[in-house]
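The values are calculated or read from the model by the stated rules, or taken from the named source; none is laboratory data. Everything numeric here is computed off the predicted structure, so don't read it as measured data. Glycine also receives a Cβ, built like all others from the backbone with ideal geometry; neighbour counts cover every protein chain displayed.
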Amino acid sequence: MENPVPVTPPPAPAKKTGPIIATVVTALLCGCPGLGGICWGGLSAIISFIPGANIDIGGSSDPNTALMWGIGSLCGGIIFVAIPVVVGIVTLKKKKEPKTGEPFPPSEPLPPAA
């Protein structure tokens, strides 16, 4: 009777639960506040150009203060929105398979060292 050739099982599908949870959590904790910062920053920057507008940013009624806070909030919001995008790309991309036909680690035992 011949010995059957051992058949290696197909690789298990990649577990995507952790990366999906990480992407959703960063979207909620970074993406939503980032969108709020973008909206507030844009509104603040636009209002700074309206003559006679009732501006009160931290006790200051200076339009330049509103403009600087608006631009700063826009930049911060863009960074916060970019975080979930980067986390999603990094965690959900496919990992490269080894190119060798030999399974890792080798199926046969290593010879003893002399």
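At-a-glance table
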| read-out | value |
| --- | --- |
| Selected residue (criterion: modelled with the lowest pLDDT) from residues of the stretch 1-27 that are hydrophobic (A, V, I, L, M, F, W, C) and loosely packed, with under 11 Cβ neighbours inside 10 Å | M1 |
| Residue in the stretch 62-70 that is surrounded by 13 or more Cβ atoms within 10 Å (Cβ to Cβ), more than 25 Å from I21 (Cβ to Cβ) and under 27 Å from the mean Cα position of the chain (by Cα) present | yes |
| Positions within the stretch 27-49 being among the small types (G, A, S) and within 13 Å of L67 (Cα to Cα), in sequence order | G41, G42, S44, A45, S48 |
| Qualifying residues in the stretch 71-92 (those that are touching a residue at least 60 places away in the same chain (Cβ under 8 Å) and β-branched (V, I, T)) - the one surrounded by the most Cβ atoms within 10 Å (Cβ to Cβ) | V87 |
| Inter-residue pairs, beta-carbon under 7 Å, first in a loop (DSSP other than H, G, I, E, B) and in the stretch 101-114, second modelled with pLDDT under 75 and of a type outside the set (S, T, N, Q), 6+ apart | F104/P98 |
| Candidate set: the stretch 32-61, residues that are of a type in the set (A, V, I, L, M) and assigned to a loop (DSSP other than H, G, I, E, B); chosen: the one surrounded by the most Cβ atoms within 10 Å (Cβ to Cβ) | I55 |
